[in-house]
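Contents: one structure, followed by commentary.
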């Protein structure tokens, strides 16, 4: 005979014992999975925060400094953390055409310091503000905003003449000269020529206008600055000769106007 | 379902050797007929071996009853361990000689030689592994005379294999190893056994899953299965009488199988 209650108790003990290893395995698996999941999530969020906080500084050919602020970013792959955008459109496109696992868009907008910089410096080359979004679909939208070549404030003089006042500083010119030496970009040398001309350094203006012309003889402004500098250096004849030569093959209206001014004596 | 059905079912699995209740599954049935044919051949000795609980005793008993009608056959289910008693029993049963005092092998052989038997008596010895090595050697010599044919059963263990090799290798002309039942054979065995006792309702309660659990616990050993099912139906009977809501009569509960296994020692808690 048997004691049914004792037998049931033994059976319960047996079942608990038989399920115990399974329960331990399942619980361990759940705990390990949770820890792993939490750790991975934490790592991902850490990466995202790092990426969000990352300031992407890109320099274009003109060495314009663009400080990018990431407005919204949710980046899955850490490979995408370096979304430093070169402002050269083609280069930027090439970079963005490379497959990158980025889930959400990264929008770069100019920082206040960038705006400040633009306001302070009168750059001859247009500054492009690049806005790139949705790398996941690998579409890059680039907006190019051309900022006026010369940030100028125009004041009308009582005499009716136009006086141009520049806001550039000597430091700006030095920086641009450094950049020009590196890149040999005619737009930079032209900018320097104009700066020097405006500040009354006609020798230097002459030299940079000539340098610009040697690099790219089609830049109308280089001819005009060159001619103006000659006038200011008391070489009016040479200026006239140069302008005539230029007008022959370019038929430039501006050059003609300047020539008229020189010949009429308005340009001294 | 009435409570006496569980009680009847319980009694079906009482571990007793009764040829009336003997259930032969197909595989064993074929082996049985093959072995039975071998008995009729002029062979000195036949060996039936297997692990405990594989049905050797039942097999031998069934053979005894089947041969009884056609042959002179003697069955010794309980080993006679004393040499003199063994030969005196044989002399009395086979030769109809009631010997007073001790009877040794030599004396028995003389009596046997003096008797002209026109038949070869068949002696069935169960549990032969319990005989001493000396007695086994004498049985071997006795079988060499071809005047008595021996059919012996042995538990198959390493030691018993050795005995078989040393004493019977050259004399045994036929041997059969009985093995545990497979899961499907076990189901047939359980259901046939119950149906033979008209316990159809309880026979139908054995689904494949419950038989599989029983097989996992008993490994198809008939003796263990009988013990397990005896207790199983005892528990069912108890619940039926005292707490019928705890059981269903559609299928055998795994819980009760496990409880029975705990009680019989097949599961250690």
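Going by the structure shown, is residue B:45 under 16 Å from the mean Cα position of the chain (by Cα), surrounded by 12 or more Cβ atoms within 10 Å (Cβ to Cβ) and assigned by TED's automatic domain parsing to the domain that holds residue B:65?
Values: under 16 Å from the mean Cα position of the chain (by Cα): no; surrounded by 12 or more Cβ atoms within 10 Å (Cβ to Cβ): yes; assigned by TED's automatic domain parsing to the domain that holds residue B:65: yes.
So residue B:45 fails the test.
In the stretch A:199-253, of all residues being more than 37 Å from the chain's Cα centre (by Cα) and part of a loop (DSSP other than H, G, I, E, B), the one that is nearest to residue A:179 (Cα to Cα) corresponds to A:233.
Residues in the stretch B:215-225 that are in a helix (DSSP H, G or I), more than 20 Å from residue B:22 (Cβ to Cβ) and either away from chain A (no Cβ under 13 Å) or touching a residue at least 24 places away in the same chain (Cβ under 8 Å) (or both): B:215, B:217. For residue B:180, the test of being within 30 Å of residue B:50 (Cα to Cα), under 23 Å from the mean Cα position of the chain (by Cα), more than 11 Å from every other protein chain (Cβ to nearest Cβ) and outside any loop (DSSP other than H, G, I, E, B) is failed.
Of everything in the stretch B:226-239, what is under 12 Å from residue B:214 (Cβ atoms) and either away from every other protein chain (no Cβ under 11 Å) or surrounded by fewer than 18 Cβ atoms within 10 Å (Cβ to Cβ) (or both)? Give them in sequence order. Spell out the reasoning first.
Taking the stretch B:226-239 as the starting set, the residues that turn out to be under 12 Å from residue B:214 (Cβ atoms) are B:226-229, B:231-232.
Listed by number, the residues that qualify are B:226, B:227, B:228, B:229, B:232.
In this structure, residue B:126 does satisfy being under 23 Å from residue B:42 (Cα atoms) and either surrounded by fewer than 17 Cβ atoms within 10 Å (Cβ to Cβ) or at pLDDT 90 or above (or both). Look at residue B:263 and say whether it is within 13 Å of chain A (Cβ to nearest Cβ), modelled with pLDDT of 95 or more and farther than 24 Å from residue B:184 by Cα. Yes, satisfied. Of the helices (runs of 4 or more DSSP H) contained entirely in the stretch B:1-108, those carrying at least 1 residues that are in contact with a strand residue (DSSP E or B) (Cβ under 7 Å, 6 or more places away or on another chain) fall at B:26-40, B:56-67, B:83-94.
Please specify each residue of the stretch B:240-255 satisfying the condition of being at the interface with another protein chain (Cβ under 9 Å from one of its Cβ atoms) and either buried (at least 18 other Cβ atoms within 10 Å of the Cβ) or not in a helix (DSSP H, G or I) (or both). Don't jump to the end; show me each part of the working.
Within the stretch B:240-255, the first condition is being at the interface with another protein chain (Cβ under 9 Å from one of its Cβ atoms), and the residues that meet it are B:242-243, B:255.
Within the stretch B:240-255, just B:243 meets the criteria.
The values are calculated or read from the model by the stated rules, or taken from the named source; none is laboratory data. Since the structure is predicted, the reported quantities are computational estimates derived from the model, not experimental observations. Ideal geometry is used to build each Cβ from the backbone, glycine not excepted, and the neighbour counts take in all protein chains shown.
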